[in-house]
Amino acid sequence: MATEEIRVRGTVQGVGFRPTVYRLAKACGLYGDVCNDGQGVLIRVSGSEEALTEFVARLQTECPPLAKINQLTRIPYEGKFNFNNFVISSSVNNDIKTEIVPDAATCPQCQQEIFDPFSRFYRYPFTNCTHCGPRLSIIRAIPYDRCNTSMSAFAICPECAKEYHDVENRRFHAQPVACHVCGPAAWLERADGKSVTASMFSMLDDVDAVCTLLQKGEIVAIKGLSGIHLACDATQETVVQKLRQRKRRYHKPFALMARDIEIIEQYCSVNAKEKELLTSSAAPIVLLQATGKKVVAPSVASGQNTLGFMLPYTPLHHLIMRRMNRPIVLTSGNIADEPQCIDNDEAKEKLGKIADYFLFHNREIINRVDDSVVRVIGDKVQTIRRARGYAPASISLPPGFDNVPQILAMGSELKNTFCLLREGEAILSQHLGDLENAAAFNAYQETLNLYLNLFEHKPEVIAIDKHPEYLPSKLGKEFADTNQITIHQIQHHHAHIAACMAENGIPLNSPPVLGIALDGLGYGDDGTLWGGEFLLADYQKFQRLATFKPVPMIGAEQAIYQPWRNTYAQLIAANLWDDCQQQYSDLEIVKLLNKKPLKLLNQLIEKKINSPPASSVGRLFDSVAAAIGICPEECSYEGQAAIAMEAIVDVSSLNNDKEALIYPFSFSFSDSIYCIDSRPMWQALLYDLQQQIPQAVIAAKFHKGLVNAIVEMVKHLCEENLIRQVALTGGVFQNCILLQQVSKQLETLEIKVLTHSLVPANDGGLSLGQAVIAAAQLIHEP
């Protein structure tokens, strides 16, 4: 007989892990106990060597659906052992090193119960078990026990208590377990304050009434799992336009929810990988190719060839969608760029003039978590927004990062996440949005404090972006000063590349890779704005080898939202404006630019007033889009013009290898750095516009030319620096065409290509890069 202490770390709390341990220990004839503590799950067990070996093997192969074992250690147990059976013991509080589980979509068994008239969970909107339901959104503290969640407000009834304590039941120790008798309740309210009853609609209940309201063309605010959404019928143009105007979200695509895969397939093509994502426990929004067989209202995703679909992921949504034979819009319940509402009273105040009705419930949302967004490119998942279903699951770091001290990385100002780094793993927050908005920045600080408390994280180092005006960087400096903590300032594009390296498992002391970071902008080491960078980088340091020719961003931030400014700056930088006046004065873009205050703009450029030079490939995309007539005057969100241009690309031109269908770029070398110049591209593009070449063909030629320029530069730099590994990162590489074409051509050259999957290529992944760079610099400090 042997007696052991088995320590299990990972995602092992709130996922039915202890019941699994109990069941397997019984099956193997073992004695002892199992409990949750701050480090994960602790098992004290006694039995024969053969039984213990079988037990450990089965523990790993029969792990519960939502569990993930990161580490399992076995040591002889030396303490008192007074067990003659196997039991589940109470949780123990100690230093927190365990994980918090992401919220999980409704499992098939719970789905079946809510539609079964003979089940006590029939039509109960908050049905859950150990395999599904709320986790991050309701938790206040670790260990994950009911008293540490917002379910503490609901006393468990005898029937639920019976299932909770029944080890053979899948609700055994399911902390949010509840039913009609003892749990949260949902109700319908009118935005105008008048009374409403389900009998007005002859429906089963208030939740069912929501479906009828949506079918009638009403806008309903729905309090869900981790936030409040605004919903309407996605096939009715009038109500979709009304929602856009009321919400002040004029162009950005809306997310859609459909009852099942079959309805989604009426509007989009869905391959096996996309179906797997849609039906996964994370249940993200998946960007799918629209087929045109059936169409949603034009205003749902104007200028796009993709639609973002998700399936119902809570019993509440399943019940609402039961009779809905078409998609609904399900977008964040907020105004413009503010955080999503999570509180009933807050929703009434802020959404009262947007929604016609509210579906509320009385379970408090502790942690606001947006819907995740992913897409499939080739056979690989690309995460665009990492939030519900994925956060805050930890990301295992590569070899070499095992024993670093606790680090906090503050992230970027746009598409923000922050990162806690500890003992070989990184914990990224959910997507927190653009922090320029005061309410969003306040929510960022609240979420940061919640995480620091939940994980008892006491950082010894703070990592921030080098941009002196970024709000998270300023907050990081204040935090460091107050707590006398070392601060590391990390260059933006280096962080992008390091994030890509880390998620691809590149060990700490590996030789440098060639990182290509293409984005909107980031603060460069020379004080200018970078955004088209080729960096020789490892985790500690980098060398800038090449870039795109810097072009003034006339009006600074205004250039992000007025693409014509970038077109004019590009033409001036290429010395082509006189040609435009003489040879191309009849072009629409030239006519448009001639209506602008060009003398003033020229003065701004010459005197370098509010017109910082930027090597931004994001702005290059905007400039080309505006030149061919896509959103030339104004965009309501960053990248709108570039995304619309990608959507119209002529596929036949894209797949044609003729040199005439590729716009040329030129290369130069000065001040120890290579430069890619777009002047020849503009000369060819202006000529094509004059020849009335279709938009779609010009868009294809630009994409192909840019791909060709990037690949040629990579070939040269790899040969010169003896590199065979390239990392593609930055928000521009969310462009499907660019990512696929560059990857394909580099792989043909036998160059290994690293891309993003676990974290976004955009600034949503930046905090991971900041954290690992700070860790590497710390490890190698003399």
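The values are calculated or read from the model by the stated rules, or taken from the named source; none is laboratory data. Remember, predicted model here, so these are calculated numbers, not experimental data. So basically every Cβ, Gly included, is an ideal-geometry build from the backbone, and we count neighbours across all protein chains shown. Note: accessible area is taken over every heavy atom of the protein model, side chains too, but ligands, DNA and RNA are not part of it. Shrake-Rupley method; radii C 1.70, N 1.55, O 1.52, S 1.80 Å.
Below, the figures for the structure above:
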quantity: Qualifying residue in segment 742-749 (condition: open to solvent by less than 10 Å² (accessible area, probe 1.4 Å) and touching a Phe, Trp or Tyr at 6+ places or on another chain (Cβ under 9 Å)); calculated: yes
quantity: Search result, residues across segment 395-405 that are open to solvent by 30 Å² or more (accessible area, probe 1.4 Å) and either touching a Pro at 6+ places or on another chain (Cβ under 9 Å) or modelled with pLDDT of 95 or more (or both); calculated: PRO399, GLY400, PRO405
quantity: Residue count for segment 255-284, restricted to those that are out of contact with any Leu (no Cβ under 8 Å at 6 or more places or on another chain) and either open to solvent by less than 40 Å² (accessible area, probe 1.4 Å) or among the hydrophobic types (A, V, I, L, M, F, W, C) (or both); calculated: 5
quantity: Selection count where residues are assigned to a helix (DSSP H, G or I) and either crowded, with 20+ Cβ neighbours inside 10 Å or aromatic (Phe, Trp, Tyr) (or both), scope segment 147-162; calculated: 3
quantity: Test: residue in segment 474-493 that is more than 17 Å from GLN777 (Cβ to Cβ), of a type in the set (Lys, Arg), in contact with a strand residue (DSSP E or B) (Cβ under 9 Å, 6 or more places away or on another chain) and free of Cβ contacts under 8 Å to residues at least 12 places away in the same chain; calculated: yes
quantity: Tally, over segment 750-782, of residues that are in contact (Cβ under 8 Å) with a residue 40 or more places away in the chain, aliphatic (A, V, I, L, M) and open to solvent by less than 10 Å² (accessible area, probe 1.4 Å); calculated: 11
quantity: Any helices (runs of 4 or more DSSP H) falling wholly within segment 618-701 and containing at least 1 residues that are acidic (Asp, Glu) and at pLDDT 95 or above; calculated: 640-648, 679-690
quantity: Residues (crowded, with 24+ Cβ neighbours inside 10 Å and not in a helix (DSSP H, G or I)) located in segment 491-505; calculated: GLN491
quantity: Positions within segment 1-41 being in a helix (DSSP H, G or I) and of a type in the set (D, E, K, R), in sequence order; calculated: ARG18, ARG23, LYS26
quantity: Those residues of segment 526-557 which are in a strand (DSSP E or B), in contact with an Asp or Glu (Cβ under 8 Å, 6 or more places away or on another chain) and open to solvent by 20 Å² or more (accessible area, probe 1.4 Å), in sequence order; calculated: ARG544
quantity: Every residue from segment 99-120 that is surrounded by 22 or more Cβ atoms within 10 Å (Cβ to Cβ) and farther than 17 Å from GLY224 by Cβ; calculated: GLU99, ILE100, VAL101
quantity: Hey, ALA178 of a type in the set (Gly, Ala, Ser), part of a helix (DSSP H, G or I) and out of contact with any strand residue (DSSP E or B) (no Cβ under 6 Å at 6 or more places or on another chain) or not; calculated: no
quantity: Answer from VAL87, VAL167 - the residue that is modelled with pLDDT under 90 and among the β-branched types (Val, Ile, Thr); calculated: VAL167
quantity: Condition met for GLN289 (part of a strand (DSSP E or B), of a type outside the set (A, V, I, L, M) and open to solvent by 10 Å² or more (accessible area, probe 1.4 Å)); calculated: yes
quantity: Near pairs, Cβ below 6 angstrom, 6+ apart or cross-chain, from segment 627-639 (open to solvent by 20 Å² or more (accessible area, probe 1.4 Å)) to any residue that is of a type in the set (S, T, N, Q); calculated: CYS631/GLN640; GLU634/GLN562
quantity: CYS736 vs. criteria open to solvent by 10 Å² or more (accessible area, probe 1.4 Å), closer than 20 Å to LEU521 by Cβ and at pLDDT 95 or above; calculated: no
quantity: For ILE384: the one exception among (1) in a loop (DSSP other than H, G, I, E, B); (2) open to solvent by 10 Å² or more (accessible area, probe 1.4 Å); calculated: (1)
quantity: Residues of segment 668-684 classified as in contact with a helix residue (DSSP H, G or I) (Cβ under 7 Å, 6 or more places away or on another chain) and open to solvent by 20 Å² or more (accessible area, probe 1.4 Å), total; calculated: 1
quantity: Residue in segment 609-616 that is without any contact (Cβ under 8 Å) to a residue 60 or more places away in the chain and open to solvent by 40 Å² or more (accessible area, probe 1.4 Å) present; calculated: yes
quantity: Scope segment 98-146; condition in a loop (DSSP other than H, G, I, E, B), of a type in the set (A, V, I, L, M, F, W, C) and under 29 Å from LEU432 (Cβ atoms); matching residues; calculated: ILE100, VAL101, ALA105, CYS107, PHE126, ALA141, ILE142
quantity: Long-range neighbours under 6 Å by Cβ, at least six apart or interchain, first residue touching a residue at least 40 places away in the same chain (Cβ under 8 Å) within segment 418-438, second open to solvent by 30 Å² or more (accessible area, probe 1.4 Å) and in a loop (DSSP other than H, G, I, E, B); calculated: ARG422/GLN406; ASP434/ASP337; ASP434/LEU414; ASN437/ASP337; ASN437/GLU338
quantity: Candidates LYS591, LYS595, LYS541, LYS608 - the one that is at pLDDT below 95 and among the basic types (Lys, Arg); calculated: LYS608
quantity: Given (1) open to solvent by 10 Å² or more (accessible area, probe 1.4 Å); (2) touching a residue at least 60 places away in the same chain (Cβ under 8 Å); (3) closer than 28 Å to GLN734 by Cα, number of the condition TYR357 does not satisfy; calculated: (3)
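Here is a yes/no grid of residues against (1) in contact with a helix residue (DSSP H, G or I) (Cβ under 7 Å, 6 or more places away or on another chain); (2) of a type in the set (A, V, I, L, M); (3) modelled with pLDDT under 95:
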| site | (1), (2), (3) |
| --- | --- |
| VAL374 | yes, yes, no |
| ILE407 | yes, yes, no |
| LYS415 | yes, no, no |
| LEU420 | yes, yes, no |
| HIS431 | yes, no, no |
| GLU436 | no, no, yes |
| THR447 | no, no, no |
| LEU450 | no, yes, yes |
| PHE455 | no, no, yes |
